[in-house]
Amino acid sequence: MRMVDIISKKRDGHALTKEEIDFVIQGYTNGEIPDYQMSALAMAIYFQDMNDQERADLTMAMVNSGDVLDLSAIEGIKVDKHSTGGVGDTTTLVLAPLVAALDVPVAKMSGRGLGHTGGTTDKLDAIAGFQTEIEKADFIRLVNDDKVAVIGQTGNLTPADKKIYALRDVTGTVNSIPLIASSIMSKKIAAGSDAIVLDVKTGAGAFMKSLEDAEALAHAMVQIGNKVNRQTMAIISDMSQPLGYAIGNALEVKEAIDTLKGEGPKDLHELVLVLGSQMVVLAGKAGSLEEARGMLEEVMRNGQAIEKFKVMLRNQGGDDSVVDHPEKLPTAKYQIELPAKTSGYVSNIVADEVGIAAMMLGAGRAKKEDNVDPAVGLVLHKKVGDRVEAGESLLTIHANQSDVEAIKERLYNNITISDQATEPQLIYTIITE
Ligand code: URA
Ligand code: CA
């Protein structure tokens with residue numbers, strides 16, 4: 001087989017065979033195929049697309065390029081949840097203990113944040129002592145004993161995806177549905193899940209800004225999952241404004257604690273119940289979404305959800321007293337209000353720009369190597385659709401720097417107050433096939 005023939009075949013719009021796709025992925029991973037040939041193929045795929053079978057074959061070839069986390073020692077159906085990334089997206093922190101409280105095993109592998117989007121391990125790192133770098137054997141034991149554990153990205157998972165993603169980044173080929181869908185799905189499958197619930201975001205803070213693109217990506221991922229025998233479903237949810245009120249690591253831990261007690265922001269609470277219901281049904285613990293939702297609401301009410309969060313913290317060395325004393329979480333030196341300049345209704349809070357403001361405070365990373373400050377971030381007091389009076393605070397800036405003028409400027413430029421505004425729709429579409 002020759003790479004040049006495979007490139008030409010795709011360039012001319014033909015479907016590649018599984019053998020050809022395996023040849024490409026193996027050859028590129030081990031360095032036999034050079035970057036320039038892989039770039040050419042990525043560009044050919046960008047223009048010619050891939051059919052369902054090619055997408056599934058590409059996904060599995062990337063899964064098989066490295067280690068696969070073997071979760072077979074964990075009893076039950078392991079359901080993973082994946083978000084395509086957003087601003088102030090605290091759902092994983094809530095969902096993991098919440099569904100585990102219903103005995104759904106949650107073996108969660110999570111990553112760090114980059115750019116305007118946050119990452120779950122950064123949020124957990126805000127809790128004193130909490131360790132996400134744990135041994136695989138301990139990870140599996142914790143899930144078997146207590147149904148929940150979170151591990152940072154370890155091992156040599158999907159090296160082909162790492163290499164191809166880096167190449168796509170500099171060759172104008174990131175924005176391709178077959179390449180994005182196979183990239184995300186390969187990582188989920190390598191992380192050992194039996195079933196997958198996808199939260200595909202749409203809006204300013206999302207990877208896929210338009211609803212149409214988000215739906216296309218969701219369909220592609222669901223099709224791949226079902227083709228490779230992992231039951232997969234997706235919801236499309238709003239990321240035009242940040243989710244919940246808090247953006248920033250310790251601030252989001254506090255918000256997660258409130259939500260586990262049933263006292264969270266309305267949008268985060270609802271999203272968690274929708275995603276959680278799907279997970280509980282896929283895990284076979286409830287016969288219908290309505291039943292699952294009732295069960296989740298019950299463990300929020302009776303304290304079992306927050307109790308499970310404490311167990312999760314203790315098991316991984318974390319200080320569980322932060323649940324009852326959130327003031328023990330890292331706190332920023334300055335709390336600075338952002339007063340509204342006019343009266344009216346908040347009509348827009350541009351999620352990615354607000355995420356960048358939080359990153360500038362130190363809550364996120366501009367580059368992979370950057371450190372994050374757990375204490376800093378933003379807490380919104382108003383969301384889209386809310387009434388505000390001139391002088392009333394739109395949000396509080398939690399900073400460890402006294403000069404936040406540039407950040408204030410960015411926030412003012414990205415929060416619009418109008419004569420009228422309506423709350424955006426939270427959930428757009430549910431895709432099961
Ligand atoms: N996120 C991924 O993991 N892969 C892509 O290709 C795009 C976004
Ligand atoms: Ca939030």
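Among the numbered criteria (1) acidic (Asp, Glu); (2) farther than 25 Å from Glu212 by Cα; (3) exposed (fewer than 12 other Cβ atoms within 10 Å of the Cβ), which single criterion is violated by Asp386?
Condition not satisfied by Asp386: (3).
Please enumerate the residues belonging to the range 262-297 that are β-branched (Val, Ile, Thr), touching a Gly at 6+ places or on another chain (Cβ under 8 Å) and in contact (Cβ under 8 Å) with a residue 40 or more places away in the chain.
Val272
Just for the range 236-282: of the residues that are among the aliphatic types (A, V, I, L, M), in a helix (DSSP H, G or I) and over 13 Å from Leu95 (Cβ atoms), which one is farthest from ligand 1 (Cβ to nearest atom)? If you could, list the steps in order and put the result at the bottom.
Step one: list which residues in the range 236-282 are among the aliphatic types (A, V, I, L, M), which gives 236, 239, 243, 246-247, 250-251, 253, 256-257, 260, 268, 271-275, 279-282.
From what is left, the residues that are in a helix (DSSP H, G or I) are 250-251, 253, 256-257, 260, 268, 271-275, 279-282.
Pick out the ones that are also over 13 Å from Leu95 (Cβ atoms) and you get 250-251, 253, 257, 281.
Values: Ala250: 26, Leu251: 25, Val253: 24, Ile257: 29, Val281: 26 Å.
Checked the range 236-282; the qualifying residue farthest from ligand 1 (Cβ to nearest atom) is Ile257.
State which residue is nearest to ligand 2 (Cβ to nearest atom) when the search covers only the range 176-197 and only residues that are outside any helix (DSSP H, G or I) and of a type in the set (Ser, Thr, Tyr).
Ranking the qualifying residues of the range 176-197, first place goes to Ser193.
Suppose the filter is under 18 Å from the mean Cα position of the chain (by Cα), in the same structural domain as Met233 (by the TED database), more than 30 Å from Asn315 (Cα to Cα) and open to solvent by less than 10 Å² (accessible area, probe 1.4 Å); does Ile180 pass it?
So Ile180 passes the test.
Which residue pairs have Cβ atoms closer than 7 Å, lie 6 or more positions apart in sequence or on different chains, and pair a first residue in the range 320-347 that is in a strand (DSSP E or B) with a second residue that is among the hydroxyl-bearing types (Ser, Thr, Tyr) and surrounded by fewer than 19 Cβ atoms within 10 Å (Cβ to Cβ)?
Listed by first residue and then by second, the contacts come to Tyr334/Ser402; Glu337/Ser393; Leu338/Ser393; Pro339/Ser393; Gly344/Ser418; Tyr345/Ser418; Ser347/Thr416; Ser347/Ser418.
Please find, within the range 162-177, the residue that is most open to solvent (accessible area, probe 1.4 Å) out of those that are polar (S, T, N, Q) and more than 9 Å from ligand 1 (Cβ to nearest atom). Break it down into steps so the answer makes sense when it comes.
In the first step, residues of the range 162-177 are kept if they are polar (S, T, N, Q); the result is 171, 173, 175-176.
Still in the running and more than 9 Å from ligand 1 (Cβ to nearest atom): 171, 173.
On the way: Thr171: 37, Thr173: 0 Å².
If we take residues in the range 162-177 being polar (S, T, N, Q) and more than 9 Å from ligand 1 (Cβ to nearest atom), then Thr171 is most open to solvent (accessible area, probe 1.4 Å).
Which one of the conditions (1) within 14 Å of ligand 2 (Cβ to nearest atom); (2) crowded, with 24+ Cβ neighbours inside 10 Å does Met279 fail to meet, given that it meets all the rest?
Condition (1) is where Met279 drops out.
Determine whether the range 357-367 contains at least one residue that is within 23 Å of Asp267 (Cβ to Cβ), open to solvent by 30 Å² or more (accessible area, probe 1.4 Å) and within 27 Å of the chain's Cα centre (by Cα).
yes
Among Gly88, Gly31, Gly27, Gly76, which is the only one that is open to solvent by 20 Å² or more (accessible area, probe 1.4 Å) and either in contact with a strand residue (DSSP E or B) (Cβ under 7 Å, 6 or more places away or on another chain) or modelled with pLDDT of 95 or more (or both)? Walk me through it before giving the result.
Values: Gly88 fails: open to solvent by 20 Å² or more (accessible area, probe 1.4 Å); Gly27 fails: open to solvent by 20 Å² or more (accessible area, probe 1.4 Å); Gly76 fails: either in contact with a strand residue (DSSP E or B) (Cβ under 7 Å, 6 or more places away or on another chain) or modelled with pLDDT of 95 or more (or both).
On inspection, the qualifying residue turns out to be Gly31.
So, Leu71, is that one farther than 22 Å from Ala181 by Cβ, of a type in the set (A, V, I, L, M, F, W, C) and in the same structural domain as Leu157 (by the TED database) or not?
no
Within the range 307-365, can you find the residues that are more than 21 Å from Val253 (Cβ to Cβ) and of a type in the set (D, E, K, R)?
Glu337, Lys341, Asp352, Glu353
Only one of Met300, Met233 is more than 20 Å from Leu198 (Cβ to Cβ), among the aliphatic types (A, V, I, L, M) and touching a residue at least 12 places away in the same chain (Cβ under 8 Å). Can you tell me which?
On inspection, the qualifying residue turns out to be Met300.
Contact list please: Cβ distance under 6 Å, first residue in the range 88-115 and within 18 Å of Ala191 (Cα to Cα), second residue away from ligand 2 (no atom under 15 Å from the Cβ) and of a type in the set (Ser, Thr, Tyr), pairs at least six apart or on different chains.
Short answer, once both residue conditions are applied: Ser110/Thr121; Arg112/Thr121.
Confirm whether Gly391 is part of a loop (DSSP other than H, G, I, E, B) and within 25 Å of Lys201 (Cα to Cα).
Numbers: part of a loop (DSSP other than H, G, I, E, B): yes; within 25 Å of Lys201 (Cα to Cα): no.
It is false that Gly391 is part of a loop (DSSP other than H, G, I, E, B) and within 25 Å of Lys201 (Cα to Cα).
Just to confirm my filter: which helices (runs of 4 or more DSSP H) fall fully inside the range 119-175 and include at least 1 residues that are within 19 Å of the chain's Cα centre (by Cα) and closer than 26 Å to Gly364 by Cβ?
Answer list for the range 119-175: 120-125, 159-169.
The values are calculated or read from the model by the stated rules, or taken from the named source; none is laboratory data. None of the values given here were measured: they were computed from a predicted structure. Neighbour counts run over all protein chains shown; Cβ positions are idealised from the backbone, glycine included. SASA here: full protein model, heavy atoms, side chains in, ligands and nucleic acids out. Shrake-Rupley method; radii C 1.70, N 1.55, O 1.52, S 1.80 Å.
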